1. What GluC sites (Glu not before Pro) does the stretch 149-197 have in DSSP loop regions with at most 11 other beta carbons within 10 Å?
2. In whole percent, what relative contact order does the chain give with Cα contacts below 8 Å and a gap of six or more residues?
3. Rounded to two decimal places and with Rh computed the Kirkwood way over Cα pairs, what is Rg over Rh for the stretch 307-371?
4. Mind computing the radius of gyration and Dmax over the alpha-carbon atoms of the stretch 403-522? Å is fine for both.
5. Aspartates and glutamates within cross-link reach of residue 354: Cα-Cα under 18 Å, excluding same-chain residues under 8 positions apart?
6. Alpha carbons only, please: Rg and Dmax for the stretch 425-495, in angstrom.
7. List the trypsin sites (Lys or Arg not before Pro) within the stretch 415-494 that fall in a DSSP loop (any state other than H, G, I, E or B) and whose Cβ has at most 12 other Cβ atoms within 10 Å.
8. Fully extended, how many nm does the chain gain between residue 38 and residue 137 (0.36 nm per residue separation, minus their Cα-Cα distance)?
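Here, each number is a calculation from the coordinates, and none is a lab measurement. All of these numbers come straight from a predicted model, not from anything done at the bench. All Cβ positions, even for glycine, are placed from backbone atoms using ideal geometry, and neighbour counts span all protein chains on display.
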Amino acid sequence: MAVKPPPKKAAPAAEESNPIQQQAIDHLKALALDCLLDSPEPLRIADLGRAVLNRLDASFSEEEAGGLASVVRLIMDSDPRFAQSNRQWDLALRMGRTEADRKKPVHRALEDFIGMLGLPASAEKVARLAGALFGRDEGYFVELIERVTPVQPQFFQTPDNRIGITRWLLTVESDDPEDVSFDNFDSDAEVAPVEAAAQGVEGATPLEFVAQLAEQHGAALPFKPVAFVAWRRFPDMESQALFNDLLAGADGARLLPGPVVAGQGLVSQLTDAIRELVRNQEAAAELLAATLPAEEEAAPTTVTAAEADIDQIYEFIEREPMRAYRASELCQVVLETFPGSRSYPSIHQSVIDKLKADPRFTWVGGERFRLDGMIPEEVQVLPEGLAFDDRVYVNEEKEAIDKLTPPETWKYGLAKEVESPLVLDVGDDDSQPGAAPAKLRKSLLLHHYFAGTAYVTHAERAFFPREPDLVELTLVTPEGERIEAWFNHRLGLLYGLRAWFEELDAQNKLESWSGPVFTLVATKTEGEYRLEFTGEVEPLTFVARERLPQLFGVLRGEAEAEGWPLTTLAVRLLRDYPEGVPFEQLFTQANIVRRVRRDALASVLSGQRYFGQNPQQPGLLRYDEKRAEKKGKKRGPRRFEDYDEDVELEEEEEA
């Protein structure tokens, strides 16, 4: 049963340098625990903050009161004994958020509960914890506690009927101080600091002596060693009587949870330290993180999101359903649990798991979720202008003019050229999946400019999260603007770039709509990528701006009106480059006129003798006008499957 505070590591340097801040945090934690037990129902953080403020008995401004509630929330979020649901806080035990040992004897459990509180508690408070642990009505345990605690030696009662633990008190069964010390302490080290602090302290009564000791020492002192030192001065003193007087706050000294003895000066210091924590909540968060137990020392925590929490998240998202939400955002804003706390990792992971399993939500990558049905339709389909023209163009004999041939028959090294990433595109990509690249370098193409997309090859797709099929991303432009983008694994398309492309064009930063290079680099934030643009262009896909109207307007119109096969289109393009042009550049321009496939263009270029390669510049493809004229003088078209290059060469020589 995880009801005791988890064991702590040795105090870090930050705690040693300012112990009063740690005492202030412990004090607030004890007050929060006491307030929750006084309430039969969970409390919202604002109500809990006000209840803690009332117990502080200090004057706080309205702003400070709000800040105090935030600090209390941070403190509870760092302690596995507390949990919250629907923005209401309670003990994890009462919420069923922690594992409990129900085999423990009731008497031992009651002692543990009171020990957790650190001061005597009413039967009602202890009964609330016992009822949560054993699953029985609180009234049953109130009656049980009131019946058994007066007769059980491990408990004692205060004048106001609160119940304490006998081991807090000094047991005196001898007149010999050494015997009393042996009976009450494991070593002299427990008493030595108090004895040293008591040097020179006077007092006519045990209470006056302890009050002066506490005020002079300044720091909190454990009650039992204080009672021992006081007993040595006043042998007739009764430990419980002194305890009761301090519990009532007599003569300026008082008991704080522990129990420890504190003077009025320390109480004032604690109040000042709490004000400082309120003013500097980042420091409070750092201090809490620094004093958390090491993972291997910590008590196991099983705090998870409840179904009511998921309902609360759904209601929250419904208020603004058109965007994605991160699970971390939902944990903090809706569930009020924050990174750095002990409960956060398990709650955060359980929120992710439950949202994935809930049909009301759609997972869109990493820890991002949307309401079901709220993924934009346009990122789920192929944009207009990206589909290939797969029509078959035929001659008078109804035979296909553009013949598709296997790669082994291609000339001019085209079997290698078609593997270039620059010519791979959506629906025409046979690259193999590979390791995630460090960055993604993409060359803008005209059809992707209009679609606002970029194609990511199979070999590059590991750059983005592998799941789900539709991943929502954030792209950050060089100017710091954040763009909502999507990656569609099925199509290999990155959506959401149109506005950025147009902005670059409006600022005259794009030399053309075909060829400019931009790069994506992953940031340290999950699902976020930085867009980089330097004005670089890719020569093999670059098409000068003045060339675009000829391709996109004139040739496209003629090709559509006259029903050009790809062979004719290749001829018309290569006529403008008598010295030849690389395959990638020819392919790029052909796709501006009409969306064509790699293998189709490679087959066409290999299937006609009037397409060739510049002997002086291997790799540059060109159109031979003279050879085409000779070809045209021959009898009718030769069937492609009967084509023989040697025969054609002989015919050309004869002609």
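1. Taking the stretch 149-197 and a limit of 11 other Cβ atoms within 10 Å, the loop GluC sites (Glu not before Pro) found are 173.
2. Dividing the mean separation by the residue count of the chain yields 11 percent.
3. Result: Rg/Rh = 0.93.
4. Rg and Dmax of the stretch 403-522, Cα atoms, are 15.8, 51 Å.
5. The reachable aspartates and glutamates, counting only those whose Cα sits under 18 Å from residue 354, are 307, 309, 311, 315, 318, 329, 336, 367, 372, 467.
6. 12.1, 36
7. Numbers: sites: 416, 439, 441, 442, 461, 466, 482, 490; in loops: 466, 490.
Sites meeting the loop and neighbour criteria: 466, 490.
8. Length gained, residue 38 through residue 137: 34.0 nm.
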